[in-house]
Every structure is written in structure tokens, then in C-alpha cells.
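Reading through the C-alpha cells given below for one structure.
The values are calculated or read from the model by the stated rules, or taken from the named source; none is laboratory data. Just so we're clear, the structure is a prediction, and the values are computed from it rather than from any experiment. We place every Cβ from the backbone using ideal geometry, glycine too, and count neighbours over all the protein chains shown. Just the protein is used for accessible areas: all its heavy atoms, side chains included, with ligands, DNA and RNA removed. Shrake-Rupley method; radii C 1.70, N 1.55, O 1.52, S 1.80 Å.
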Amino acid sequence: MNIFGYIIWTFDPALFTLPFTDYAPRWYGVLFALGFILSQQLVFWIFKKEGKPVKDVERLTTYMVVATIIGARLGHCLFYDPGYYLTNPVEILKIWRGGLASHGGAIGILIAIYLFCKKYKYQYLWLLDRLVIVVALTGAMIRTGNLANSEMEGTLTHSNTGVVYARHIYNYLSGIHEKVKDVRFVKKGEMISEKSGSVPITAVIEFKRGYEFTSADKNRIESLKNDMLRYTEIREHIDFGEGTLKIKSYEKGGFSYLEIYMLGKVRHAAQLYEAVYCILLMIVLFWLWYKKKEVLPQGFNFALFMIILWTARFVDEFFKMNQEAFEENLALNMGQILSIPLAIAGIGMMIWSYTRGRKMSEG
């Protein structure tokens, strides 16, 4: 078995806890904000390069930030669970509980840019051709934030190459006893599976110095299996096998240790896939703007962005777990259903862009 083909992902989504509070800034929020900050700096450079007033970039950034958050939140609520949110509209405002949809964010951005262009006298397609560069960059940062959060996980790889998402069980095991000092995971264990994509991992729990692990503790730990299986976030990624938990306790260097043996379910890093193709798309779009903006018809970059992004997103959804239970009964999940019209719109835009460009050159 190739035990080097997978990683055990226990990345802490919190940067640190603020002193005297329980609040911990999260990597997701930092990467979300960083995406907009880097994008703004790139748009500053583009506007300077083309002789446009740079003060408009700050106004444009405000439009896009607000549109992204509102559009993505409304998109999630209306696309994925409209019945619940329409009967509980106050819940729509609780954005800190999670739930953002990129398709809704895209629609929000398109509306916001139209309003911006109308107020500040910019050509809509001219601005879209440039903004898609930074939208791809921000999208990559947001998907990296999803990975940091251990959310939007991928489907099973059915191989021993991929990611075992173990952050949720890490959080659970860290709180099983007040004397727990540290929890770490290693790629080995007493549980072995002949099934490809089910790999042995061991949770090594270290207790604080001076604490002695008792038989009562052992019995209590062995009974935790059913409690852990109540959590979907654990059950989807970890297999404890039949019977009671397989555990081992011992002492080393004055510390008590407990090992819990399990099998990890290897999944695709779907968030990372999307982040990578967003970065590649950004590079292509930037090159086309920098080298070909004088010869390409207006709207070309925007159309190309729509075609590539939403086609890639459609494919990527095959490697991503469904977000809501109702999607299990659909031939295509909601992300794919929403991507199809956007990709088709991009194709239509590409045809229109070339037809319009040809007519203008002939005229």
C-alpha cells in the first residue's frame, strides 16, 4: 500500500484567538479579504495603464465587495434552500453561519458593474473584460479559504491518493478530556483495509504531564464510537470498523498517551482543483488583455471567462460532495445546473462579440 499518496488534513481554520476574547479570526475571512485587496491593486495598475481615473477603482471595489457578499448569500439561500429561508427571512442575514454560492455572487457582480458603469460612464463590456482577470484571482483565494475551513470537500477518490479530512475528528478528540494536551494524526495503524481509498490512520492523544490514564477512562473512550458517528462531519471521513473503538494506552517520558486506530476515507481536494484553474484562467485573461486588447473584439475576455470558468466548474462538481441532501436525487447537482446557463451565455457572448467585431471592421 502506498501510504505516501494521501495527506491527513487537520489545518486549523483559525489564525489565533484574540486576547481576552473567545473570538478567533479565520483564514477564510483573511483570504476572502486578501483576494479583494490584491485584486484592487491589480485594477489600480490596469486603470493607470489605460489612462483611467484611479479614484474610480475604490468606488468600484465597494460595489464589487457588497455585490459579492449579498449576491453569494442570496444565491445560497434561494438556490439551495428557498423554502426555509423564505419562511425564516431573518436567517438570511446570519451570514456568519456560512452559506455563500458563487453563482449568486457572479449575478450580483454583473448587476453591480452595470450600475457602476451607468453612474460613472464606463462601457460595460470594456470593464467586464478587465474585471474578469481579478474575479478569477479572488475566486482562487476564496476556494483556498474553503480548503482551510475543511468545507466543500471532494468525493471519494477510490484510490490511496488524495486527502483525508480529519479536522472535525481532531476537534472532537481535543475535547474528550480536560487533561488532553495535544492530538496528532499519523499514517499508520492497527486497522487495515483491502479496499482502495480506505487508509490506516492513528490519532495520537497526549495528556498533560502527571496525568495517569485509568481503566475508567479507557472504558469511557471505548464507548465514544457511537457518539462520534452522530456527527456527519466525522462519519463522512472516518471509518472506525466493527465493534468498539480500537485503542491503546501507554506512558512515555512522563506523559500518558492514547492511540485510537481508524481508517481514513481518501477524497479529492476539490477546493484546490478550483483554486488552481482559477489562477490559470487569471493568467490567460491577463495575457490576452496585456498583449491582445487592441485586436480582440470587446467582450471577448468576458465571454472566454464565462465559458472556461463555468465549464470547469461543471466538471469540478463531479469531484465535489453535494452541499444539500436534495441534490442526492438529482442527475446533476445544483452547482452543475446553475453552471450550464452561464457557460451557454458565454458561448452566445463569444459569437456576438466576433459578429459585432467583424461588422465594425467591415463598416
Give the percent of DSSP beta bridges with both residues in the chain that are antiparallel, rounded to the nearest 5. 90
Taking alpha-carbon centroids only, the stretch 173-204 lies from the stretch 266-338 a number of Å equal to 35
With Kirkwood radius over Cα pairs in Å in mind, check (1) 22.1; (2) 19.8; (3) 23.2 and report the label derived from this structure. (3)
Let's test this: bin the Cα-Cα distances of the stretch 1-101 at 10 Å from zero up to the farthest pair and state each bin's percent. 12, 27, 27, 24, 9, 1
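Per the 1.4 Å probe, what fraction of the accessible area of the chain, in percent, lies on carbon and sulfur atoms? Provide the component values of the computation, followed by the final result.
Details: 11540 of 18840 Å².
C and S fraction of accessible area: 61 percent.
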Run the quick spin-label model on GLU58 and VAL284: label points 7 Å from Cα toward the beta carbon, then report their separation in nm to one decimal. 3.6
Solvent accessible area, Å² - TYR63, 1.4 Å probe, full protein context: 60
For the stretch 139-228, how many pairs of lysine residues have a Cα-Cα distance under 29 Å, where the two are 8 or more positions apart or belong to different chains? 18
How about LYS52: which lysines have a C-alpha closer than 26 Å to its C-alpha, ignoring those fewer than 8 places off in the same chain? LYS118, LYS119, LYS121, LYS291, LYS292, LYS293
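Looking only at Cα atoms, what is the convex hull volume of the stretch 62-216 per residue, in Å³?
Details: hull volume 32.6 nm³, N = 155.
Hull volume normalised by residue count: 210 Å³.
What does the helix-only formula give at 222 nm for the chain: each DSSP H stretch with n ≥ 4 adding -39500 (n - 2.57), the total divided by the residues, and the result rounded to the nearest 500 deg cm²/dmol?
Details: 12 runs with 193 residues, N = 363.
Value at 222 nm, helices only: -17500 deg cm²/dmol.
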Pick out which of GLY175, GLY197, GLY189 has the largest mean-square fluctuation in a Gaussian network model of the chain, springs linking Cα atoms closer than 10 Å. GLY175
Estimated FRET transfer efficiency when R0 is 41 angstrom, pair TYR23-THR87 (beta carbons, to 0.05): 0.85
Extension gain from ASP12 to GLU178, taking 0.36 nm per residue of separation minus the Cα-Cα distance: 57.8 nm
Along Cα→Cβ, 7 Å out, is where each label goes; now give me the distance between the ones at THR311 and LYS49 in nm to one decimal. 2.5
Under unit Cβ charges (Lys, Arg +1; Asp, Glu -1), what dipole magnitude, rounded to 20 debye, does the chain have relative to its Cα centre? 1360
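Check each of the trypsin sites (Lys or Arg not before Pro) in the stretch 1-100 and keep only those in coil by DSSP with at most 12 other C-beta atoms within 10 angstrom; list them in order. Don't skip to the answer; put the middle values down first.
Details: sites: ARG26, LYS48, LYS49, LYS55, ARG59, ARG73, LYS94, ARG97; in loops: LYS94.
Sites meeting the loop and neighbour criteria: LYS94.
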Step through the residues of the stretch 132-148 one at a time and calculate ³J(HN,Hα) from phi using the Karplus curve (6.51 cos²θ - 1.76 cosθ + 1.60, θ = phi - 60°), rounding each to whole Hz and writing x for Gly and Pro. 4, 4, 7, 5, 5, 5, 5, x, 5, 5, 5, 5, 5, x, 4, 5, 4
Coarse-grained scattering of the stretch 154-298 at q = 0.12 Å⁻¹, given as base-10 log I(q)/I(0) from a Debye sum over alpha-carbon atoms: -0.59
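Express in nm, to one decimal, how much length is gained between GLN41 and ILE69 on full extension, taking 0.36 nm for each residue of separation and deducting their alpha carbon distance.
On the way: separation 28, 0.36 × 28 = 10.08 nm, distance 1.99 nm.
Value of the extension gain: 8.1 nm.
Could you put ILE221, ILE307, ILE340 in order of accessible surface area, largest first, with the 1.4 Å probe and the full protein assembly present?
Result of the area sort, largest leading: ILE340, ILE307, ILE221.
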